[in-house]
Each structure stands twice: as structure tokens, then as C-alpha cells.
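Coordinate-derived values only; no laboratory data. Computed from a predicted model, the values in this text were never measured in an experiment. Cβ atoms come from the backbone with ideal geometry, glycine included; neighbour counts cover every protein chain shown.
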Ligand code: CA
């Protein structure tokens, strides 16, 4: 089986005896994402989201419910070993979990291993060795490039090289962990010299996170045709950004303190296997654009490398929260605005012999639609703060304020398939200290 083919675990008629899973927008039985969770007062362990519940995978394993599926030892420190399993073993585990949760006869044996998700804490699911952020959202690259370099928005390398930089793994946090407004150095346009203080241009970035499964040895590359074998799954990623720090510091070496104070991810690894029904052909490049160089070009990747995901951003201000109002939608757009596929960024990353490891995280870069209703950052929505947006309750925003909560969501859908979601990526801004 290949990475875009489906099996009985994707069947649209499949339902679970866990009632909340049936019709669940994120976690029906067709999803089965992995995560690291703690039931109240208990140690962290590996689990699987099913509806509003979490199945304790380690508990099921200890109770011999996983039968012949061979699992790596768990150490309570994340899903790295699961991500690294060979694809055949991952499929076998997925089939077994699907049967356990579909078959009414398994209810009595499996039920003791279910926990209400609302009573659990979700953690960053893996030990992230390295984090790399790319820049594949071409409309974002154009929009931001125009603000930083009006005459020269898209640099000439963009259509040849999947642009990326090495980010910071230590400050990645799971959804719901608040983010502190960072203090840093910036130079106001009218000032002669820089000042130090809390950022006044705090922003979010809507990105997909890509979890690396099997790694590659230092000195070896990952051929584009094999790249999907190294991708374990997906999440949402909010690459919080301090635009004033960024503008002052980013040349000549790129993003640094403007980006590394915190990044927030959705806590579930939605597996490559779960995403099989939601594969699309990579949109054709515009007339006149160069073809990808041979090491980045693969027929199967061209046919199946894009993702049928709809991405959304919501904002909940402190005033809205106090008034009991629903979050306001800031944008909505497709993930097909990626100029490079996930397989291309993986192949490119390893093309010089750089070794990727299980549990590494790649960010795609901000994914913006071509039109304003799908822009993936505040900087784009407000044209660098010049045109503040007005929220349904009359509040305005040029950039994010203390107490604001940014919520990212993503839904995968395709004809004949049950839709799945990536789960929420949500965090609130605390004032600077
Ligand atoms: Ca970014």
C-alpha cells in the first residue's frame, strides 16, 4: 500500500461504540490521532483521540488488547517511537485500534481505558529534537515581501528552493499554554536608535506542522519518491511573531528573537495514514514558473502531494470572553496555497545529508489564501497594522492585544470520505513582565 491509498479503516460507514465519535468534527473513528496526555493527577501516557474521549494506548497494550501488533516500549515521554515505526506496523496498529473501537463486542474490555478528554491535560506529543520552519505559502511570501521590500517582494530563489530556517524546539508548547508578550529590541521608523520593551506588533502565523517519522542517517539524503515514508503526521502550528523585532533583526541572518519566544501546536499527531483520503494533486505552477529541479520532482508527489485541508483562524478577545461571545473568524482558506509540497520540503531538508530524526517538527510557513478572507497572519490582514480590522463587537485590532486568544482549526474533507480535523491550536496572550 502507498501513502495515499485507503483501507477499511477509512470506510465512511464505519462507526464507533464511543458515541461521541460519530459525527465528531475532529476525531471520528476514521482519524485515530496519537497524543501524550495526563488524566487528572496521573502521569503522562500515550493515547488516541476518539470523539470526546482519549483511549489509553499504553493501558490497552498492558492489557493485551493490541494482540499481535508489535509496539515499541513506552517511557511516558512521548510518541517518538510510535512515529518511527515502519509504515506496515503503523497500519497494523491503526487497523487494530479501528476494530477495537468499532466492534461492540470489545466495549467491555476497552471502556476501562477511556478517559474524558475534558478531564485530561494534553502535552507536546513528542520529544522534538529539532524544529525547522519553511516559507512555502506563496501568497504569504508575496504579501509580507511587499511590506518589507516593496520593489522586490519575492526573491529570485523562491521558486527554486523551499526556503526555510532552523527554529527553536525548546519553546514549543501545546495548545492552551498561554504565551507571554515578549520584550525585545526594536527600532521605531522615526527613531535614530533602537529601544527595548514589549512588542507592540504581536502577531500569529497560521501554519501546518509536519511530524517526522523515520529518520535518515547523517550524510544520506531522502529521495523525493521516498519522502512520504518519513512523514508521520500533521498538526496545526501557530508561529507567534513580534513584527517590530523581526523588521529590525532579520537581516542578514533571518528570524531570531522575533520568533523563538514561543510556538503553539495542536497536541494530536494526525497520521499520514489518516490523511490518505485527503490527498490532492499539487496545483499546477503558474505559466512561466520554473519546474522543480529533478531532486524535488516526483510524479506521485505531483498527483497526491497536496492536502485537502481547510484552515481557519479565530480570535477571542477578553471583552468577547467576558460577554460570553463566540470567537470571531479572522480567515478561512485552503492548504493548497503551498508552493512546495510536504514531501518536497522533507526531500530538500535532507538533500545535503542533514539528518532528520523521529519527532522532529517542520513548519510549512504561513499559509495564506490569495484573497484577504484567507490571509494567515494579522500583518497581512491589516497591511502591517495600517488598516485595523473591526471585530463583530466593534473592537478593532491592528495587532494582537493582551488577553486575546488565537484559535487555529483545520478540517480535512473529500468526496466519499468522513471528514476529520487536526484538533484545536489555541493560546491566550499574557501581558509582558
Ligand atoms: Ca513562520
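Tabulated data for the structure shown
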{"quantity": "Point-to-point label distance, residue 107-residue 220, nm (Cα→Cβ direction, 7 Å offset)", "calculated": "4.8"}
{"quantity": "Cα centroid separation - region 252-274 against region 115-158, whole Å", "calculated": "6"}
{"quantity": "The chain, relative contact order in percent, only Cα pairs under 8 angstrom and at least six apart counted", "calculated": "22"}
{"quantity": "Relative contact order for region 133-259, counting Cα pairs under 8 Å that sit 6 or more residues apart, in percent", "calculated": "22"}
{"quantity": "Cα-derived Rg over Rh, computed across region 61-104 with Rh taken as Kirkwood radius", "calculated": "0.97"}
{"quantity": "Sites residue 88 and residue 302, calculated FRET efficiency, Cβ-Cβ separation with R0 22 Å, nearest 0.05", "calculated": "0.30"}
{"quantity": "Backbone N within region 131-147 under 14 Å of label point (7 Å from residue 285 Cα along the Cβ vector)", "calculated": "138"}
{"quantity": "Peptides 241-247, 265-271 ordered by average Cβ neighbours within 10 Å, highest first", "calculated": "265-271, 241-247"}
{"quantity": "Tilt relative to the chain, helix 138-148 - C-alpha long axis, 0 to 90 degrees, to 10", "calculated": "30"}
{"quantity": "Packing-based exposure ordering (other Cβ within 10 Å, fewest first) of 193, 25, 175, 221", "calculated": "193, 25, 221, 175"}
{"quantity": "For 217, 58, 273, order by how many other beta-carbon atoms lie within 10 Å, fewest first", "calculated": "217, 58, 273"}
{"quantity": "Least to most buried among 160, 339, 131 (fewest other Cβ within 10 Å first)", "calculated": "160, 131, 339"}
{"quantity": "Cα-based radius of gyration of region 8-123 once divided by 2.2 N^0.38 Å, which approximates compact folds", "calculated": "0.98"}
{"quantity": "Peptides ranked, highest mean first, by Cβ atoms within 10 Å: ranges 14-22, 301-309", "calculated": "301-309, 14-22"}
{"quantity": "Cα-based helix-to-principal-axis angle, 87-102 vs the chain, degrees rounded to 10", "calculated": "70"}
{"quantity": "Shape of region 152-207, Cα gyration tensor, a/c cut at 1.5", "calculated": "oblate"}
{"quantity": "Highest average packing first - 326-333, 59-66, 404-411, Cβ atoms within 10 Å", "calculated": "404-411, 326-333, 59-66"}
{"quantity": "Residues residue 147 and residue 319, FRET efficiency given R0 of 41 Å [Cβ-Cβ distance, rounded to 0.05]", "calculated": "0.90"}
{"quantity": "Pairwise FRET efficiency - residue 253 versus residue 372, Cβ, R0 = 35 Å, nearest 0.05", "calculated": "0.65"}
{"quantity": "Residue 191 versus residue 62: modelled label distance in nm, points set 7 Å from Cα along the beta carbon direction", "calculated": "5.5"}
{"quantity": "Computed Kirkwood radius, in angstrom, where 1/r is averaged over Cα pairs of the chain", "calculated": "22.2"}
{"quantity": "Relative contact order (%) - region 8-123, alpha-carbon pairs under 8 angstrom, separation at least six", "calculated": "32"}
{"quantity": "Rh (Kirkwood; distinct C-alpha pairs) - region 89-201, Å", "calculated": "20.0"}
